[in-house]
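Just so you know, all these numbers are worked out from the coordinates, no wet-lab data involved. Just so it is clear, the structure is predicted and the values come from calculations on it, not from any experiment. Note that each Cβ is placed from the backbone with ideal geometry, even for glycine, and that neighbours are counted across all protein chains shown.
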Amino acid sequence: MLNLAVPLTLLAAVLLDRLLGEPQCFHPLAGFGYLAKAVEKTTYRVSYLSGVFAVAVLLIPLVLAAFFLQHLAVFGTLFSVVLLYFAIAPRSLTEHAMRVSGAVDLQAARDAVGMMVSRDTSQLNEAGVARAAVESVLENGNDAIFAALFWFMVAGAPGVLLYRLCNTLDAMWGYRNARYNEFGWAAAKLDDVLNYIPARLTALSYALLGNFSRALSCWRQQAPAWDSPNAGPVMAAGAGALQVKLGGAAIYHGVLEQRPELGCGAVAGRADIARAVNLVRHTLYLWLGAIGLCALLIAGFKYGA
C-alpha cells in the first residue's frame, strides 16, 4: 500500500542523486556485472534452459536478501533509500546529455554521445549525434528513472532491485545473435515484462508534458513498428511530445540497421537535447508530486475514516 514513507524515500533518493551523482569509484551495478560474467562463464550453453538457470541463480538470492534487509528496523529505511539511489540516475543522464549538447566540435560530440549509446558513433553527422542523444535521454528516462520508481512503489526494495538487475542482464545478454539468442532469452523477456507498465506510464507522462495530441498519435502509429515493445512507446511519445524526428539508420556492432522513423516535425538538432532533458526532469517532478499527493490522500482517508 502507498503510504507517506514511499514518497519520502523517493524524495530522499532523488536528493541523494542530485547531491552526489553516480559513484565515481565503484557502482554496485558494475559489481553485479562482474558477477553476471562469472555466472555466464560457468553456466553458458546454447539453450533457453541455461539462460533461465543463470537468471535465477543471479536474481533470487539478491532479491530475497533485499526483502529481509528492508524489514530491519532503522537500517531497513536507510537500506531502501540507498538502494533506490543506486538504482536511479537522473543527474548522470543529464550530465552525459549536456556534454553532447555543449561539445566544442563534431568529434567531441561523437565521443560524448558514444558514452550514452551502444551504436557506432564514429561517422555520425550533427543530426545523427543529436538524434542518438535525444533517443538515449528519452529511453533512459524510463529505464534509469521511472521504471525503478514504479517498481519501488509496487514492491519496495526487492521490486526495484529485481527490475534494475534484470535491466542490467538484458543489457548484457539481450542480443539477438548466435551467442545470446537462446541464452539471453530469459533476461530479455523478463525485462520486457517488468518494463511493460512503466514504459507506458512514462510515455503518457511525456505526452502530458509536451504536445499531447502529437505524442499520442506517434505512439499509436509508430511504436508498433519499433523492435522493442517498450522503447517504442517511450521514444515515439517522447519524440511526438517534443515534435522532433528520431529513428532512422544506425550501425550496431558493425551492422547497419534501418530503424523506423519516430516522431514528427523537424529532424532533432543539438538544441533538442536540452529539451529532452527538461522533459525527463519535468516528468520526474510530475511523478514525485503525484505520488506524494496520492500518499497524502490515502493517509487522510485512512485516518479520517
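List the trypsin sites (Lys or Arg not before Pro) in segment 142-190 that DSSP assigns to loop (not H, G, I, E or B) and whose Cβ has at most 12 other Cβ atoms within 10 Å. Which are they? Provide the component values of the computation, followed by the final result.
Values: sites: 164, 176, 179, 189; in loops: 176, 179.
In loop regions of segment 142-190 (DSSP not H, G, I, E or B), the sparsely surrounded trypsin sites (Lys or Arg not before Pro) are 176, 179.
Could you go through segment 99-111 in sequence order and give the Karplus-derived ³J(HN,Hα) for each residue, using 6.51 cos²θ - 1.76 cosθ + 1.60 with θ = phi - 60°, rounded to whole Hz, and x for Gly and Pro?
5, 5, 4, x, 4, 6, 8, 5, 5, 5, 5, 4, 4
Please identify, among 71, 282, 253, the residue showing maximal mean-square fluctuation in a Gaussian network model of the chain using a 10 angstrom Cα cutoff.
Looking only at 71, 282, 253, the largest GNM fluctuation is found for 253.
Helix-derived [θ] at 222 nm for the chain: sum -39500 (n - 2.57) over DSSP H runs of at least 4, divide by residue count, nearest 500? Provide the component values of the computation, followed by the final result.
On the way: 13 runs with 219 residues, N = 305.
For the chain, the value works out to -24000 deg cm²/dmol.
Which of 268, 239, 155 moves most in a GNM of the chain, Cα contacts under 10 Å?
155
Please identify the trypsin sites (Lys or Arg not before Pro) of segment 1-71 that satisfy two criteria: DSSP loop assignment and at most 10 other Cβ atoms within 10 Å. Which are they? Mind showing how you got there, number by number?
Values: sites: 18, 37, 41, 45; in loops: 45.
Passing sites in segment 1-71 do not exist.
Among 19, 201, 165, whose mean-square fluctuation peaks in a Gaussian network model of the chain (Cα, cutoff 10 Å)?
It is 19.
Measuring from label point to label point, each 7 Å out along Cα→Cβ, what is the residue 208 to residue 108 span in nm?
Reported label-point gap for residue 208 and residue 108 is 3.8 nm.
Can you pull the three principal axis extents for the Cα set of segment 4-59, in Å, largest first?
44, 30, 12
If we count other beta carbons within 10 Å of each Cβ, what is the order of 68, 86, fewest first? Don't skip to the answer; put the middle values down first.
Numbers: 68 12, 86 20.
If I rank by nearby Cβ atoms, fewest first, I get 68, 86.
For Cα Rg over 2.2 N^0.38 Å, the choices are (1) 1.40; (2) 1.11; (3) 1.01; which was calculated from the structure?
Here Cα Rg over 2.2 N^0.38 Å agrees with entry (3).
Using each residue's phi in segment 183-195, evaluate 6.51 cos²θ - 1.76 cosθ + 1.60 at θ = phi - 60° and report the 3J(HN,Hα) Karplus result to the nearest Hz, with x for Gly and Pro.
Once rounded to whole Hz, the list reads 4, x, 4, 4, 5, 5, 5, 5, 5, 4, 5, 5, 8.
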